[in-house]
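One structure is given below, encoded as structure tokens.
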Amino acid sequence: MGYFKLDPVLPPEAGTPPSPWASGLTDNVLLHNARWFIQIRWIVVTFLGVLGVAGILMDQQFLMRLGFFPQGIWPLGMAGILALLNLGSIWWVRNLSPRATWRGVTANIWFQIVSDLVFLTILIYLVGTTNTVISFTYLFHITLACIFFGRRDSFIVTLLSASLFLSTVTAQCIGLIPYATVFASSFKGSSDVFSTVVFCVPAVFVSLIVWYLVSSLSETVRQQYHDLDHANKRLIRADEEINLQMLRVTHDLKAPFSGIESNIEIIKQLHWADVPVAVQEIIGKIDARSSALRARIGDILMLGNLRSDKAEKQIADSVDLHELLGAVIQDVRGLAVQKTVTVTLSSGECRVLSDNEKLTILFSNLVSNAIVYSRDGSTVDVRIDKEAAGVRVSIEDHGIGISEQALPHVFDDFYRTQEAAAFNQASTGLGLSIVRQIADKLRLTIEVKSEKDKGSVFQIIFPGA
């Protein structure tokens, strides 16, 4: 049995203008970066915690033979400090909404970067400033700053990293702080100024080179992203204009077909007996074709209006689903009788907050489809289930079904499988497109289960309160 799930497409947040501190990155991207920093920091907390526990449990003499000084509990202390900083960042980020101003978002990221650099400086000092390569871990923050920020802000991060590192090394050299390291073989008790300078100057130079290269590449990529974004917006506006023109032309076609049907009705009422049988058959075909085209025009206009009405205010009615579905089933009873299909509805009263009019259109399309594509004499079962996550409405038929390959495309405009086109030649191929558009607007999830020649189950899921 094939399965396909269609989640609602959420509209982009209106948000605020791009952040000038981030050279054009949107606040939503910056907020994502802030959360990402937090996730990475937990990895460091875990590593320091494991290192601290291992240092306490392992034999101290064994560590000395391996060339390491026993470090006591400082790794656990550092892990605790970093965990507290992370909890503070989490609390701050949770109080930032996706529509937060760029000042709030960037202030949070700057707090995380600065606190990280201070923490990293202490860690570098404890591990060993000039006798290990741990000082190059500054490059991690420099690279991230180049990616997330513009050149000015990333250069500030680079200068801050270099300043913290050089200040620590200088304080060691002049005796303000004692020399520290985890490696027993490299402990000298004091710093050799010459070897320190030989190490520090290239380290700072490498940091500046990395900043220049990564920031240059990031600026190029960011500029290309903005160019593509602007081009995409122009294409969207052009597409919207084309759709608008199409809707106008389609609307103009509605009146002529209504006129044709009206004239045919007049002929049937006043002159039908005088019309030869052969002409009656021709007029009947014209009437059927006009009705089909008018129905297609109506679907196109409905779909176009749903898509173009972006700023429409969502209506929150208290809708009784059992009553609504009962009315829908009553409206399509004629079609069900014609197909000798029995439609059943199971469930009591169940209310949801939604748009009554749009839900009526959505379920009318689904129930009508279930009837149309059912085998003669079969049943269509409509069921409402209350679940912990919300409310689920299922429409199950025992008809021709949908192949697994076709399932992802059934909600596309004008899409019809060969079996569906042969089974129902009058279909416009827009019914499920309308269903998808309404589900997007009402934030509903659609799930489809189907097996070819055995039937389909369409489920509409209303999220919980």
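The values are calculated or read from the model by the stated rules, or taken from the named source; none is laboratory data. Note that the structure is a prediction, hence the values are computed from the model and not measured. Backbone-built Cβ (ideal geometry, glycine too); neighbour counts: all protein chains shown.
Give me the pairs, please: first residue somewhere in segment 212-232 and in a helix (DSSP H, G or I), second residue anywhere and surrounded by 12 or more Cβ atoms within 10 Å (Cβ to Cβ) and among the charged types (D, E, K, R), beta-carbon distance under 7 Å, and either six or more positions apart or on two chains. What qualifies is Ser215/Arg151; Glu219/Arg151.
Scanning segment 127-179 for residues that are under 42 Å from the mean Cα position of the chain (by Cα) and outside any helix (DSSP H, G or I) yields Val133, Phe149, Gly150. Please tell me if Leu321 is in contact with a Phe, Trp or Tyr (Cβ under 7 Å, 6 or more places away or on another chain) and either surrounded by 14 or more Cβ atoms within 10 Å (Cβ to Cβ) or modelled with pLDDT under 80 (or both). For Leu321, the condition - in contact with a Phe, Trp or Tyr (Cβ under 7 Å, 6 or more places away or on another chain) and either surrounded by 14 or more Cβ atoms within 10 Å (Cβ to Cβ) or modelled with pLDDT under 80 (or both) - is not met. Might you check whether a residue that is in a helix (DSSP H, G or I), outside the structural domain of Gln459 (by TED's automatic domain parsing), under 35 Å from the mean Cα position of the chain (by Cα) and within 22 Å of Ala370 (Cα to Cα) occurs anywhere in segment 317-326? Checked segment 317-326: no residue is in a helix (DSSP H, G or I), outside the structural domain of Gln459 (by TED's automatic domain parsing), under 35 Å from the mean Cα position of the chain (by Cα) and within 22 Å of Ala370 (Cα to Cα). Within segment 447-460, if we keep just the residues that are surrounded by fewer than 22 Cβ atoms within 10 Å (Cβ to Cβ) and of a type in the set (A, V, I, L, M, F, W, C), the residue that is farthest from the chain's Cα centre (by Cα) turns out to be Val457. Among Leu164, Leu117, Leu160, which is the only one that is in contact with a His (Cβ under 8 Å, 6 or more places away or on another chain) and modelled with pLDDT of 85 or more? Sole residue among the options that is in contact with a His (Cβ under 8 Å, 6 or more places away or on another chain) and modelled with pLDDT of 85 or more: Leu117.
If I ask for residues that are of a type outside the set (A, V, I, L, M) and surrounded by fewer than 19 Cβ atoms within 10 Å (Cβ to Cβ), which ones from segment 81-96 would you list? Give the steps one after another, and end with the answer.
Residues of segment 81-96 of a type outside the set (A, V, I, L, M): 86, 88-89, 91-92, 94-95.
Result: Gly88, Trp91, Trp92, Arg94, Asn95.
Look at (1) touching a Leu at 6+ places or on another chain (Cβ under 7 Å); (2) at pLDDT 90 or above and you find that Cys350 fails only one, number (2). Of all the numbered requirements in (1) modelled with pLDDT of 90 or more; (2) not in a strand (DSSP E or B), Gln405 misses one, and that requirement is (1). Scanning segment 326-347 for residues that are of a type outside the set (D, E, K, R) and out of contact with any helix residue (DSSP H, G or I) (no Cβ under 6 Å at 6 or more places or on another chain) yields Gly326, Ala327, Ile329, Gln330, Gly334, Val337, Gln338, Thr340, Thr342, Thr344, Ser346.
Restricting to segment 155-165, what's the tally of residues that are in contact with a helix residue (DSSP H, G or I) (Cβ under 7 Å, 6 or more places away or on another chain) and under 20 Å from Ile124 (Cβ atoms)?
So the answer is 7.
Being in a helix (DSSP H, G or I), of a type in the set (Val, Ile, Thr) and surrounded by fewer than 16 Cβ atoms within 10 Å (Cβ to Cβ): is that true of Val337 here? For Val337, the condition - in a helix (DSSP H, G or I), of a type in the set (Val, Ile, Thr) and surrounded by fewer than 16 Cβ atoms within 10 Å (Cβ to Cβ) - is met. Set side by side, the residues Leu306, Leu345, Leu366, Leu359 differ, and just one is at pLDDT 90 or above, over 20 Å from Ala420 (Cα atoms) and in a helix (DSSP H, G or I), which is Leu359. Within the set Val391, Val435, the sole residue that is under 24 Å from Ala295 (Cα atoms), within 29 Å of the chain's Cα centre (by Cα) and not assigned by TED's automatic domain parsing to the domain that holds Leu303 turns out to be Val435.
Among the residues of segment 370-390, write down those that are closer than 26 Å to Asp440 by Cα, surrounded by fewer than 19 Cβ atoms within 10 Å (Cβ to Cβ) and out of contact with any Pro (no Cβ under 8 Å at 6 or more places or on another chain). Walk me through how you get there before you give the answer.
Taking segment 370-390 first, the residues closer than 26 Å to Asp440 by Cα are 370-373, 380-390.
Filter again for surrounded by fewer than 19 Cβ atoms within 10 Å (Cβ to Cβ), leaving 381, 383, 385-390.
If the condition is that a residue be closer than 26 Å to Asp440 by Cα, surrounded by fewer than 19 Cβ atoms within 10 Å (Cβ to Cβ) and out of contact with any Pro (no Cβ under 8 Å at 6 or more places or on another chain), then Asp381, Arg383, Asp385, Lys386, Glu387, Ala388 are the ones that fit.
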